[in-house]
Structure formats: C-alpha cells, structure tokens
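J.: Sharing a structure with you now.
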Amino acid sequence: MTRGLWIITSVFFLMSCNSSTKIEQLPSANSSYRIKSLIMHFTAVDYANSKRLLVEEGGLSAHYLIPQRNDPSYPHKTLKVIQLVNENERAWHAGVSHWQGRNGLNDSSIGIEIVNVPQCNELIEHAEDEHHAPVLSDKHVKPFCIYPDFDPQQIELLIELSRDILGRNPDISPTAVVGHSDIAPSRKHDPGPRFPWYQLYQNGIGAWYDNATIAKYWRLFKQVPLSTKLLQQALRDYGYDLKPSGEFNQITYDTIEAFQMHFLPWHVTGVNNPRTSAAIMALLEKYFPNKAKAILDQYERDNIDEMRSVSPSSAKVAEPKGQINGTFPLQYESSRSAVENKVRFKAYEGRGEINILSTQPTSADFYVNGQKLTLDKLFSENVQYQYSLGKRTQDGVNTLFIDNINPPDARLMINIPYPSLAYEIDSKTKGDFARLDELIENEIENGFPGLALLVAHKGKVIKKEAWGHAKKFDAKGNELTQPLAMKPSSLFDLASNTKTVGTTLAIMHLAYQGIIDVNAQVIDYLPEFSGDLREMIKVKDLLRHNTGFPSDVKFFDNNETVNNGLFSQNRIHTHFLITQRLSPSVNNLIDQYSSYSDINFMILGMLIERVTGQTLDKYIEKTIMASLGLKNTLFNPLEKGVALENIAATELAGNTRGGLVNFINIRTDVIHGEVHDEKAFYSMQGVSGHAGLFSNLDDLSVIAQLILNKGGYGNTRLFDEDIYREFLTSKNASEEYALGWKKATEQNRWMFGPYASSQAIGHSGWTGTLLIIDPQHDLVIVMLTNKKHSPITINDTRVDFAGDHYELGKYGSIASLIYEAILH
C-alpha cells in the first residue's frame, strides 16, 4: 500500500468511527462560561526576557503579551498583540490567587502581560509558586521602586484587546477586571500604581466609583470613621481574600495597598483613611448595593451615639442661615463661667437684627456690646420674634450675651443674619469723589468707551454710577450714529474675574461642605490627571498658580505653529488635552513659585463639574448665585435671555486684532454678549473656569460684601471663617497670590494703588474689569469697563488697544483716588 493511499484510508476510517456516534443536542439552562476574570500584569522585564519567561519550558505563561515602544529588545517597528495561549486553555499567570470566592484563578481567567519595567533599588526575592517562574513583579522584598508610565499606544492596544475579550466572555463582570496585586496582594504589585485603570473604565473596561457617591461617603467617614472590621468586610465583599477580624494585620495592610493602587493610585499608603473607606463603599453601592447596605446598617448600629443626625444619604451639608444660627444655652460646658452663652457677630453701626424662637414660654436677658436689650418679658412658645439691634451695634465686631434663661430646660433658637449692603449716596459723598469724577468725565470725553463703578464702605454703597457707552463703535472702528449708553445695571464680560467670583467662590463653598480638600491632589478628583508629574499637583497649587503650566495655550487656533499640536474647538477634546497632554513644571511645584496660567482655572472648572455632577455654569448659577438671589451673574447671557442693550461690547473686529489674527471659525464682527476669551469661547463653548462669566455692579458688590463678612450675606452662608482664613490669609506677606485671589503686594501696586492694606485681595480681567476687597478698611471697589471696545493700532506684530492707554484702563489711578476719598 502506498503512503498516500494509507493516509486516505486512515482518514476515512477515523471519519467513519466518528460518525458512528450519534449525539443529540439538548441544551441545559444550568451552565455558564468558564472564564470569570480578566487579569492585568506587568512583566517587569523587557520584551526579550518577557518572551523567554512566557514561552520557554519551565517558565510561566499568559494568554497575551503586549510589547512597548522604545524597547531595544523589541524587533518590530509597530506594536502588535501577541497571543501565547488559546483563551480556552489554562495559562500559568495567576499563581496562588483569590477573587470573589474563587481560588487558583488560572482555571477561570484570562491573563494579559504588558511590558513595563519599574526601576527598583534592588532585585526582589522570588516566590516559589507552582507554575510561576521568577520575575520582578514578586513582592517579597521591595524597598523602593519607581513605576514608569505605560506606553499610550500600548494602552490603546490593550483597550482594543480587552473589549474583544469581554465580548467573547460575557461572564467577566466589571468588578472582575482586576490586577495581579488584587488577586495576590501579599505577593504582587503589578500592574502597579501607574496602570491607567480609570482610562480603561472610560472605555467600558472594568469598574470605577462615581464621584458624587465617594464624596458622600467621604464626608460621612471624616466625621465617624469606618472601623477596621467593616473595612475588611467591605473589601471582602468586593472580592479580596480578607477576613473581617478587626485586627489591622499585614494582610490587611497589603490588601488596602492593592486596593489603593487600583482605585486611589495617587494615594498609596496601605493605611485606612476616610477616602479609602469612601472608595470601597462607593464601589459596593454601585456594583453590590445589598452588600453596601448591610455594611452601612452595621456601621450605623456600631456608631449610633457618635453619628446622631449624620447620614451618608445627604448629598450636602445642611446650610446654616445667618452668621449666628444656634440654640441657647449653648450645647457645650465650660468650667469658666465668663465664657458661657457668649458669641460675637459682625454688624455696622445703627444696623442689624436678631430673630428669636422659643420651644416653650421663656424669659431671658439679652446683652449686645454689654448693653441690655429691651425685649418682651416672656417669649411665647413657637412664636418668631424679630428685633432691631440698631441702637446697640457698632462697626465691626459686636458681642451677644444671653443670661438668666428660665426655665432652665428652655431652648432659644437665635438667628442673626450677616450684614447686607445699604445705599447711602448723598451730596457729601459726591463731594468726596470730585477728583475721581473729574478724571472719569475727562477721559470719557476724550474717547474712553465706557465705565460702571461702585464703591461700598462699611456696608454702605456710597457711589454707583455709569459713564460713556456700552457699544460705541462698529467692526471697522467707526463711531455709531446711535451708540448704546452705559447703565449702572449693564452686564460686562468679567474675563479673568471669572476665576474669583465664579470658580474660587465655588471651590470655597465645596471646601466648606467637605466635598473638596484644597490640600488633596487634583488626581483625587480627576483620575485621568496623571503622568508627567501631574500627580504632584494639589488643588491649592492650581489656586495659587504654582504649577508652571504655560501662561497661555492657543487651543482654538488651527495653525500648528501656534497651537503646538494642541488644537481643539471641542470642549471634551480640550479637557483631554489639558488633563493628559499639557505638562507642569517641577521647579514651580517644588519651589512653590507662582506663574500665572489660565490652564490652572480651566482644570478647577473641570474639577467642580466632576465633584458636583453638574456643568460649571449650572452649578455656579443655580447653586452659588441663586442662593444669594443673584440673577445677573451667568455664562452665555444671550442664550439665557439677556438683551444685547443690557450688555457692554468688547473687541471691534471679533478676535482678529484688527485683521492680524486668523484661524478657523474666527469671529470678525463686534463681540457683544459673547465671551471674548478665545479659549473660553471656541475651545470650551463659553463655559470655563478661567473666563466666561458676565456680571454687573450690584451682583459683584454682594459677592464682595460676602467676602468681607467672611462667608455669608443676609441669611445665606457659603463658607465659614476657617475657609476664609485658609484661602485669603497667608503667613508669607510677599506671596502675590492667596488661594484664587491676587494680594495687594508691591507686584500688584499697579491695580491696587498705594493705599490698599496688606489684607486687601482682588483681581483684574483682560476686558477691563477690576474688583478690590479690603477688609482692613471695610472697602469694596467694583470697576467695570469695556476698554477693549476701542480702535486698534498695529505696530509690526504688536497690537495696541486705545482703551489701554487711558488712566481708566490702567486701574491704579482710579483705586488711588477712591482710597483718598475714603481715608482723607
């Protein structure tokens, strides 16, 4: 028989044998897929050594290997995924492991090895696991390692591969996409703290918590911490191999560290803290709500006395009304009788009120500044009493003492609102400002476009006036035959004053609520803000301009010689470029050197959106401004029904600088009712943390008085004195910036003038706006101009706006004359 005939006969025989067995298909409902987990690893060695360890006999294996660029041992020009083991077969990648009730995960998982090499100061001792060859990812001795970023192209391949794997293996849940350190926390560190888990989550791979939920639990656990035993139970419920013993032992440390590397990679300590507890509970609430509820129920039972009215379901801290809003007798005891039932409050001479509500018929003696008030002898039950304090108050600090409360078990609810602005503009005031008025009128007559000015001193508006025109020129610089008159109520493009009265005010409120910690890293709130030293940046670094980000990035300009490859006229893409392509300066971060940059506040705007779950404009307008009753401080005013005649115009020929500048979609007509700033308008669609707000004199004066009141206005409190001190006072008098505000230092004399106190804060805006708040003199200056609404001259490539050359456009002279009117 020939060899060919023998092969044909053998094949026929085998086919005949196979076909003789008849198999009937009867699918059972009681089955599932074998693969339950997707496990990520780093190799800790280069491609050549990885291939040797994963392929040659006697080593370990994985289902896939993904190389990285710039690896001399990788022989190909382009990256590609390399399959080492069929997905239906068992690879030796997990070793001794556990996840979500399963041991020995080699049997039920797919493993992906990613070439990534940490730099460690000594080799790591190797484990002696069955089917596990020695590699640097073993965790027995690891004094110090520096973990490099993963190759972006490598991660793109990983995302594509992982999506395919999840599509083929539907039993892999989001919480079962894990790292080697998750399934073996006492042995493993891979894929390490630089692995982009959040980026994978954004692409539909793996689990992540919701920011609003973690903020909710963070506030709760800052007040009453989650116990070690309940934390252990939460980690076990999520999937970790950890027994809830209540003992903080080595395995607990290792497990917390593994969890933090996955979900809090910017804060890997191995120690429990409110943020770690909040993260695991936020994950349980999202993916295992019944388990979260069981832990929370036990937590409340364990802490019933400490918690009292504390509840994690409250998304916000209850807002106190007024600067004093408490129950007397005060609910603390002191052995020093002279401190009982005494408080201080701010008021102005001849003004102020007190509101009293009693739980039962009660009598008491009230003293303001040591003088007894003449009040009702008996307060009836549940009746609101309101009394003027005008005969007893003085400018500044006032005292309240309540004595002889009878019966002793009675409770008096006391409310004293924060000071609000009053108006007192008379002939004497006009005389004080004669020199100022003369300067303004002369410059308006000589061509300055327009100005609105408000001055408030000791809680009284003593000057509020407008001059000139809100719109005076057409796009070619010709004067209009019917120019639009400026009004005291006109809205102005605040430009960079958006940073103060919008973004910083929102951050102060969120810090007061415990939602944002300015000493925390930005990556705590924006997980994608990683790589190139971004993890070093704290929220306060952004507020103080200590990051070293470029002063201006022209995202909006499609000319690559201008935008440096960072072109974007799309809000989402701009977010990506800022958080993942722009790099800070290590020198600024280490030396705490300030270098002004819009980028800092663009990031803060994104941060506000992330922690509140709202767009920046909605949060600032509906939460901050609405609580103060302010309706004229808003983004994109035309879209919200504000008429053009109520808004001051800015640049004449769009953003062209008289035709010198050109890019795609550039505006060429007079900018009127839209934000002028190019990054805000083109790249952020009018809503950004650095620019975009419009406002007027009245609204800004309320915000300024709120700052003078150290956090409140009337019966609204946005923050307290602790937040005020943290943001607006500094031990270093030479620092140019407080948190979010400029200080009246020598560098800023040009805008504050020579008389501002060392306590003064403020900011200017490119379009011609100035805000000064001076606590020492109890003074507010709101100066709004449209100085950029003026003709342009071009010298070579230098652009001159005529409005910049007037004293009104330079700020300092106006500030000086106002101070002289107040101080002389």
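J.: Out of THR498, THR503, which single residue is crowded, with 22+ Cβ neighbours inside 10 Å, in contact with a strand residue (DSSP E or B) (Cβ under 8 Å, 6 or more places away or on another chain), hydroxyl-bearing (Ser, Thr, Tyr) and outside any loop (DSSP other than H, G, I, E, B)?
T.: From the options THR498, THR503, the qualifying one is THR498.
J.: Look at ALA279 and say whether it is surrounded by 19 or more Cβ atoms within 10 Å (Cβ to Cβ), among the small types (Gly, Ala, Ser) and not in a helix (DSSP H, G or I).
T.: So ALA279 fails the test.
J.: Looking at (1) at pLDDT 95 or above; (2) part of a loop (DSSP other than H, G, I, E, B), which is the only condition SER758 fails?
T.: So SER758 meets the others, but not (1).
J.: Mind checking whether some residue in segment 729-738 is of a type in the set (Asp, Glu), assigned by TED's automatic domain parsing to the domain that holds PHE556, in a loop (DSSP other than H, G, I, E, B) and modelled with pLDDT under 95?
T.: Among the residues of segment 729-738, at least one is of a type in the set (Asp, Glu), assigned by TED's automatic domain parsing to the domain that holds PHE556, in a loop (DSSP other than H, G, I, E, B) and modelled with pLDDT under 95, which makes the answer yes.
J.: So TYR253 ticks every box in (1) out of contact with any helix residue (DSSP H, G or I) (no Cβ under 7 Å at 6 or more places or on another chain); (2) crowded, with 24+ Cβ neighbours inside 10 Å but one. Which box is left unticked?
T.: Every listed condition holds for TYR253 apart from (2).
J.: Given the conditions (1) surrounded by 16 or more Cβ atoms within 10 Å (Cβ to Cβ); (2) assigned to a helix (DSSP H, G or I), report the number of the one that VAL642 does not fulfil.
T.: (2)
J.: Continuing with the same structure: Where residues in segment 286-327 are β-branched (Val, Ile, Thr) and at pLDDT below 60, which of them is nearest to LYS346 (Cα to Cα)?
T.: VAL317
J.: Related question: Tally up the residues in segment 671-685 that are in contact with a Ser or Thr (Cβ under 7 Å, 6 or more places away or on another chain) and either aliphatic (A, V, I, L, M) or part of a loop (DSSP other than H, G, I, E, B) (or both), please.
T.: Total satisfying the criteria: 4.
J.: Let me spell it out: the conditions are (1) part of a helix (DSSP H, G or I); (2) farther than 28 Å from ARG187 by Cα, and ALA234 meets all of them except one. Which number is the exception?
T.: Of the numbered conditions (1) part of a helix (DSSP H, G or I); (2) farther than 28 Å from ARG187 by Cα, the odd one out for ALA234 is (2).
J.: Could you pull out the residue among GLY477, GLY468 that is part of a loop (DSSP other than H, G, I, E, B), at positive phi and within 42 Å of the chain's Cα centre (by Cα)?
T.: GLY477
J.: What residue, of PRO225, PRO170, PRO191, is touching a Phe, Trp or Tyr at 6+ places or on another chain (Cβ under 7 Å), over 23 Å from ASP532 (Cβ atoms) and part of a loop (DSSP other than H, G, I, E, B)?
T.: PRO170
J.: Turning to a different aspect of this structure: When you scan segment 259-268, do you find a residue that is in contact (Cβ under 8 Å) with a residue 60 or more places away in the chain, surrounded by 21 or more Cβ atoms within 10 Å (Cβ to Cβ), under 28 Å from the mean Cα position of the chain (by Cα) and not in a helix (DSSP H, G or I), even just one?
T.: Yes.
J.: Still on this structure, I have one more. From ASP778, ASP720, which residue is of a type outside the set (Phe, Trp, Tyr) and more than 30 Å from ALA648 (Cα to Cα)?
T.: ASP720
J.: Hey, can you tell me all the residues within segment 286-304 that are within 16 Å of GLN232 (Cα to Cα), surrounded by fewer than 17 Cβ atoms within 10 Å (Cβ to Cβ) and over 29 Å from the mean Cα position of the chain (by Cα)?
T.: ALA294, ASP297, GLN298, ASP302, listed by residue number.
J.: Residues of segment 72-83 being surrounded by fewer than 17 Cβ atoms within 10 Å (Cβ to Cβ) and in contact with a helix residue (DSSP H, G or I) (Cβ under 7 Å, 6 or more places away or on another chain), which ones?
T.: SER73, VAL81
The values are calculated or read from the model by the stated rules, or taken from the named source; none is laboratory data. As the structure is a computational prediction, the values presented were derived from the model and not from experiment. No Cβ is skipped: glycine too gets one built from the backbone with ideal geometry, and neighbour counts run over all protein chains shown.
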